[in-house]
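Below you'll find the structure, written out as structure tokens, and then a few comments.
The values are calculated or read from the model by the stated rules, or taken from the named source; none is laboratory data. Given the structure is predicted, the values throughout are model-derived calculations rather than measurements. All Cβ positions, even for glycine, are placed from backbone atoms using ideal geometry, and neighbour counts span all protein chains on display.
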Amino acid sequence: MNMTMQTASRDAKQELAKRAWPLVVAFARLGLGALIGGLIAGGLALAGDPTPWQTAAPWWIVFGTLIDVGCLVLITQLARQEGIRVIDLVGLEKGRLGRDLLLGLALIVPAFILFIAGGMIFGPLIYGGQQAPAAMSPLPLWATMFAVLVWPAVWALTEDVTYLGYALPRLEARFGRAWPAVALVTFGWAVQHAALPILPSWQWTLYRFASAVPIALGLTLIFRRTRRLVPFIVAHWALDLSAVLMLVVFQVPAL
């Protein structure tokens with residue numbers, strides 16, 4: 001009897017953990033961003049920097065890759081438990097690659113509109129009629145090269161696998177309905193921006209969250225119709241690369 005009860009208890013705990021992991025993944029990037037950003041700012045403070053948060057902020061597009069590494073390690077382990085690989089979540093198919101690339105190019109325009117709209121709407125609302133500060137700023141040459149060549153590709157892949165490839169379909173299965181899954185993924189995707197970069201300012205935190213809601217919701221809803229992740233990775237990469245080029249390389253003033 002005791003053995004049966006112990007087995008049932010273990011099975012129940014495993015099932016609970018299995019059902020909870022998609023929710024954990026949906027908010028993992030926020031936690032990792034806050035942790036890594038806080039550690040870097042803390043190190044700068046210990047080194048005597050009078051404004052550690054502000055000094056660390058521009059570097060999030062460099063140390064942000066550590067967030068990606070952490071998420072990929074977590075999702076790799078979870079995927080193995082399901083008998084699949086991360087590449088299976090991407091859904092890369094040679095026979096559909098051409099169509100996926102074309103769809104990705106087509107998604108760039110609506111993604112850009114949603115991205116710009118979020119900033120233009122919520123920036124003045126939160127900052128009292130003024131536009132919010134840019135989330136990126138110039139870096140040394142080596143860091144700029146990293147931000148151009150490495151960060152956009154790794155970030156786009158990992159972010160889209162995290163929210164659209166892993167969390168969304170499993171939350172849909174968990175709730176049996178679309179809207180709770182869409183709401184949680186949208187919230188998790190948008191709120192992670194509050195730590196990108198993390199700053200001790202309620203206006204900045206609220207702005208980064210609110211301005212990301214339109215694009216997070218829009219892309220989540222579009223993905224539910226297509227169920228093809230590769231086009232979203234392509235469009236996301238192009239969007240992030242253009243942001244780095246404009247704000248970090250060419251230093252175009254933020255809209």
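General observations
- For region 194-237, the set of residues classified as free of Cβ contacts under 8 Å to residues at least 40 places away in the same chain, of a type outside the set (A, V, I, L, M) and in a helix (DSSP H, G or I) consists of Trp202, Thr205, Phe209, Arg225, listed by residue number.
- Within region 83-112, if we keep just the residues that are of a type in the set (Asp, Glu) and at pLDDT 95 or above, the residue that is nearest to Thr162 (Cα to Cα) turns out to be Asp88.
- Enumeration of residues in region 44-69 that are more than 12 Å from the chain's Cα centre (by Cα) and not aliphatic (A, V, I, L, M): Gly48, Asp49, Pro50, Thr51, Pro52, Trp53, Gln54, Thr55, Pro58, Trp59, Trp60, Phe63
- Entry remark, region 74-105: residues being assigned to a helix (DSSP H, G or I), of a type outside the set (S, T, N, Q) and either touching a Phe, Trp or Tyr at 6+ places or on another chain (Cβ under 8 Å) or closer than 16 Å to Thr158 by Cα (or both) number 10 in total.
- All positions within region 118-141 that are farther than 15 Å from Thr205 by Cβ and among the aliphatic types (A, V, I, L, M): Met120, Ile121, Ala134, Met136, Leu139, Leu141
- Top-ranked residue in region 113-138 [being among the aliphatic types (A, V, I, L, M) and touching a Phe, Trp or Tyr at 6+ places or on another chain (Cβ under 7 Å); ranked as modelled with the highest pLDDT]: Ile126
- Scanning region 211-223 for residues that are surrounded by 21 or more Cβ atoms within 10 Å (Cβ to Cβ), within 14 Å of the chain's Cα centre (by Cα) and not β-branched (Val, Ile, Thr) gives Ser211, Ala212, Ala216, Leu219.
- Test: residue in region 102-111 that is surrounded by fewer than 16 Cβ atoms within 10 Å (Cβ to Cβ), closer than 20 Å to Ile215 by Cβ and of a type in the set (Gly, Ala, Ser): yes
- Counting residues in region 171-188 that are under 27 Å from Leu101 (Cα atoms) and touching an Asp or Glu at 6+ places or on another chain (Cβ under 8 Å) gives one or more.
- With respect to (1) within 24 Å of Gly37 (Cβ to Cβ); (2) in contact (Cβ under 8 Å) with a residue 24 or more places away in the chain; (3) surrounded by fewer than 21 Cβ atoms within 10 Å (Cβ to Cβ); (4) not acidic (Asp, Glu), the lone exception for Gly188 is condition (3).
- As for region 161-168, it holds no residue that is touching a residue at least 40 places away in the same chain (Cβ under 8 Å), crowded, with 17+ Cβ neighbours inside 10 Å, part of a loop (DSSP other than H, G, I, E, B) and not basic (Lys, Arg).
- Region 224-255, subset over 24 Å from Leu139 (Cα atoms) and within 15 Å of the chain's Cα centre (by Cα), residue surrounded by the fewest Cβ atoms within 10 Å (Cβ to Cβ): Leu229
- Hey, Glu172 surrounded by 14 or more Cβ atoms within 10 Å (Cβ to Cβ) and either closer than 25 Å to Pro231 by Cβ or at pLDDT 95 or above (or both) or not: yes
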